[in-house]
1. Would you mind classifying segment 78-138 by shape? Square roots of the alpha carbon gyration tensor eigenvalues, ordered a ≥ b ≥ c; an a/c under 1.5 is rounded, otherwise it is prolate if a/b is larger than b/c and oblate if not.
2. Average projected area of the Cα convex hull of segment 146-285, in nm²?
3. With an 8 Å cut-off on Cα pairs and a minimum separation of 6 or more residues, tell me the relative contact order of segment 79-206 in percent.
4. Please report the spacing between the Cα centers of segment 86-131 and segment 55-73 in Å, no decimals.
5. For 269, 89, what's the fewest-to-most ordering of other Cβ within 10 Å of each Cβ?
6. Which whole-number percent gives the relative contact order of segment 1-122, counting Cα pairs below 8 Å spaced six or more residues apart?
7. What ranking do 212, 224 get, fewest neighbouring Cβ atoms within 10 angstrom at the top?
8. To the nearest whole percent, what portion of all C-alpha pairs in segment 167-214 is separated by more than 16 angstrom?
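Quick note: the coordinates plus some simple rules give every number you see, no bench work behind them. Keep in mind the model is a prediction, meaning the values are calculated, not measured. Here the Cβ positions follow ideal geometry from the backbone for every residue, glycine too, while neighbour counts run over all protein chains shown.
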Ligand code: MF3
Ligand code: CO
């Protein structure tokens, strides 16, 4: 058996995909707990505690905490924060547009198996937010599902970026709604580590991109903004904001490419609802 080379893609057996499903179901329960707890007045640090408790109760471990020194179990990015918002004493306000990026790993067969997924929501419910913010989150979620659907029939990882661009372009024409695609933060392979090859870009790439193969697990995670897609990182070296102050939304799922089709590991229903508009039925484990 050769060693995994740096740019080699880790292909999972079906048992290993089942281990990853367990990690991703922990991530799904973090999402559920955060959705319930993200009320006006609650601080993002309190929400990190909610996440930490869910991970601990599940007997899992945090893959975010300590990752290159990251100080929390979840990234909470409010309004013009694009990604990697560090939980702090900011109290959520009604109408805030907030993305929650969550992860956990479990151990099996002497290895770590990682889960990673994100969602965006409006504090106080959809009706508390602006139409603009609802659209931004909805289009980002649509771009994610279109990209997941594309991997069911596509031949290379590049189909993800093509699908994201296609959704953004169609919404610009049909709804007159312009969104920016953030290019600096991208999806990735996942498995025995949180971030592995291949890179999963959210824009079309000319030229070569890795072949989609059964056994691959990738995180598909478009990030869209309502204005310019240019970002800047604050002096804490984590918090990423839009340069023009426009808001951002981020959706992510961990997706297994299997011989029989795709399986959305971080969706409790395996992606059945999200994929139905594309005429696809996900594989169940
Ligand atoms: N989960 C993020 C991603 O989607 C990475 C978070 S890294 C952390 O790739 F250090 F901020 F936790
Ligand atoms: Co990710």
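1. Prolate, since a/c reaches 1.5 and a/b exceeds b/c.
2. Spelled out: convex hull of the Cα atoms, projected over all directions, averaged, 9.5 nm².
3. Value for segment 79-206: 21 percent.
4. That distance is 14 Å.
5. With the sparsest Cβ surroundings first, the list reads 89, 269.
6. Computed over segment 1-122, the figure is 29 percent.
7. Least to most surrounded, the residues fall as 212, 224.
8. Percent of Cα pairs beyond 16 Å in segment 167-214: 56.
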